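Readers should treat all values here as calculations from the given coordinates under stated rules, not as data from a laboratory. Values in this document were obtained by computation on a predicted structure and should not be read as measured data. Cβ placement follows ideal geometry from the backbone for every residue including glycine, while neighbour counts extend to all protein chains displayed.
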Amino acid sequence: MTTTEEAHDAVRTLLAYIEGDDAVTREGLEDTPKRVIDSWSEIFAGYSMDASELLDATFNAEGYDGIVLLRDIEFTSTCEHHLQPFRGRAHIAYIPIKRIVGISKLARILELHARRLQNQERITKGIADDLERELQPLGSAVIIEASHGCMQCRGVAKQQAIMTTSAMRGVFFDRLEARTELMQLIQQPKL
């Protein structure tokens, strides 16, 4: 396993590559390796989280069989291809059979996946997989809309492009009525 000092050295190497060999001794960059590694501990905290632990505290649904939707959950993640940030919002929904989960858990499951080196498709699929496995709902749906730094600051340099991904499972995949109701709920005006 790589040590913290080896990680600091790797950052120093990158700084020297970017700015030249004197970069590591310049006052503004002197503590940058430590700051970068400290920030990465927070940015990539998803690797130390477990979906089954996050979703283990469930409650009796008490016969509720409608859509449970947490929408407009903001997130930031890091593109595994360019190490650039991408950010956006997610809409996470399910229809319970027997168990419901606290709403903060839906935001936390998004954070678990977003706080890793990622691509948007994997986040979307991972959240839906976790909901299906842990809650065993009648259906689950995840829709993510995000803008990607790798498209904004390099390459095609498109500032306003939004990528949308979705994963529809169970009744949200099988039944148009369920999918239509979900989309209407997502498009409701904000409070």
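Sequentially through region 81-92, phi angles give Karplus couplings (6.51, -1.76, 1.60; θ = phi - 60°) of 7, 10, 6, 9, x, 9, 9, x, 9, 10, 10, 10 Hz, Gly and Pro residues having no value and appearing as x. Straightening the chain between VAL156 and LYS190 buys 9.0 nm, computed as 0.36 nm per residue apart minus the Cα-Cα spacing.
Give me log10 I(q)/I(0) at q = 0.10, 0.19 Å⁻¹ for the chain, Debye formula, one equal scatterer per alpha-carbon, no solvent. Computed log10 I(q)/I(0) values: -0.51, -1.27. Count the net charge of all other residues whose Cβ sits under 12 Å from the Cβ of GLY139, scoring Lys and Arg as +1 and Asp and Glu as -1. Charge balance in the 12 Å sphere: -2. Whole-percent P(r), region 1-45, all Cα pairs, 10 Å bins from 0: 29, 54, 17, 0.
Between region 15-80 and region 81-98, how far is it from one alpha carbon centroid to the other, in angstrom? Using only Cα atoms, the two centres lie 13 Å from each other. Dipole magnitude for the chain: about 780 debye, using +1 per Lys or Arg Cβ and -1 per Asp or Glu Cβ, origin at the Cα centre.
Were the residues from GLU42 through THR3 laid out at 0.36 nm apart, the gain over their Cα-Cα distance would be 12.4 nm. Length gained on full extension, ALA107 to GLU132, computed as 0.36 nm times the residue gap minus the Cα-Cα distance: 7.4 nm. As a calculated quantity, the FRET efficiency between ASP56 and ASP174 at R0 = 35 Å, using C-beta atoms, amounts to about 0.80.
Relative to the globular-protein estimate of 2.2 N^0.38 Å, the Cα radius of gyration of region 96-184 stands at 1.24.
Across region 63-115, the volume of the C-alpha convex hull divided among the residues equals 75 Å³ per residue. When the chain is described by a simple charge dipole with +1 on each Lys and Arg Cβ and -1 on each Asp and Glu Cβ, the residue from GLN136, LEU110, LEU29 located farthest towards its positive end is GLN136.
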